[in-house]
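All remarks here apply to the structure that follows.
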Amino acid sequence: MPKIVDLASAVGDLVRDGATVALEGVDQLVPYAAAHEIVRQRRRRLTLARTSSDQLTDQLVGAGCVDTLVFSRAAGPDGRTPPRLLDALGHDWPAPLRIEEHTHPAMAARYAAGAARVPFGVLRDTGTDLPRHTPTIATVRCPFTGSAVTAVVALVPDVTVVHAQRADRDGNVEIRGPVGLQHDAVHAARASLVTVEEIVDTLDPAPGAVVLPRSVVTAVVAAPGGAAPSRVHGYYERDDAAQRAWAGLSVDRDRFRAWLDALVGTS
């Protein structure tokens, strides 16, 4: 049965230096509270899997937590490439960063393969040159039709971290509203950490809701507001002002350092 624990304990137990960590959720249910705890605990050399890399990725990279980024899209709140990501790639600040780029369908196929416990996923050949630059992509021939298809190595995170609306006391989790790749990312992982807005005695899932059964959930953390400044369907909306403010803050190293010091409690 999943453990209902505090956030510091969950991150301390499940997110280790050098681990492959998936933090999924886009537009809503972005797991900011968990990401910030990873920063506070000064985790290092992580391989971060985040399909749509944004403000959260910018913060983890700028804090020096990430060694390798696995992604399909990188854009901050203003639509431009996140500044901390650019600084790491262009100037090795605060540390060098390796990237592994995929298309969005390829990331979905990688998680699906991991969830199915098969070694790779298959999708239509995209016609890009990504196979020349990314070792986890290859062009192969379909054994039935002979046509070219793209194969991608299964993505099996050491831990997947997601945010959701509710969990019951047995560890079953309900996700409402638009769901991205969270479902397959949790099923693909060796362990999972789910932060939720609230823990209830019993779940009565809404129509169309996705339920993560307790069998695939390792730890549950009550974290009200844990996705802010992103939105949570049925709870709160996106904080556009905060995200616009981040675009200005993150472009300047000194302002970013001040934000980081305040987050980790060194100022």
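The values are calculated or read from the model by the stated rules, or taken from the named source; none is laboratory data. What you see is a predicted model, and the numbers here were worked out from it, not measured in a lab. In this analysis, Cβ positions are derived from the backbone assuming ideal geometry, glycine residues included, and neighbour counts consider all displayed protein chains. Side chains are part of the model used for accessible areas, which takes the heavy atoms of the whole protein and leaves out ligands, DNA and RNA. Shrake-Rupley method; radii C 1.70, N 1.55, O 1.52, S 1.80 Å.
Tabulated data
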read-out	value
Residue in region 12-21 that is of a type in the set (D, E, K, R) and within 14 Å of the chain's Cα centre (by Cα) present	no
Where A22 falls short, out of the listed (1) in contact with a strand residue (DSSP E or B) (Cβ under 8 Å, 6 or more places away or on another chain); (2) part of a loop (DSSP other than H, G, I, E, B); (3) touching a residue at least 40 places away in the same chain (Cβ under 8 Å)	(2)
Unmet criterion (only one of (1) among the aliphatic types (A, V, I, L, M); (2) in a strand (DSSP E or B); (3) open to solvent by 10 Å² or more (accessible area, probe 1.4 Å)) for V196	(3)
Near pairs, Cβ below 9 angstrom, 6+ apart or cross-chain, from region 99-111 (over 14 Å from G25 (Cα atoms)) to any residue that is among the polar types (S, T, N, Q) and open to solvent by 30 Å² or more (accessible area, probe 1.4 Å)	E100/T47; T103/T126; T103/T128; P105/T126; A106/T126
Complete set of residues in region 205-258 that are within 19 Å of D87 (Cβ to Cβ), open to solvent by 50 Å² or more (accessible area, probe 1.4 Å) and assigned to a helix (DSSP H, G or I)	A245, R253, D254, R255, R257, A258
Scan of region 120-164 for residues that are within 16 Å of T20 (Cβ to Cβ) and open to solvent by 70 Å² or more (accessible area, probe 1.4 Å), ordered by number	P135
Test: residue in region 172-184 that is part of a strand (DSSP E or B), open to solvent by less than 50 Å² (accessible area, probe 1.4 Å), among the charged types (D, E, K, R) and touching a strand residue (DSSP E or B) at 6+ places or on another chain (Cβ under 6 Å)	yes
Hits in region 81-95 - residues which are of a type in the set (G, A, S) and surrounded by fewer than 21 Cβ atoms within 10 Å (Cβ to Cβ)	G90, A95
Tally, over region 51-80, of residues that are within 17 Å of the chain's Cα centre (by Cα) and either of a type in the set (S, T, Y) or surrounded by fewer than 17 Cβ atoms within 10 Å (Cβ to Cβ) (or both)	8
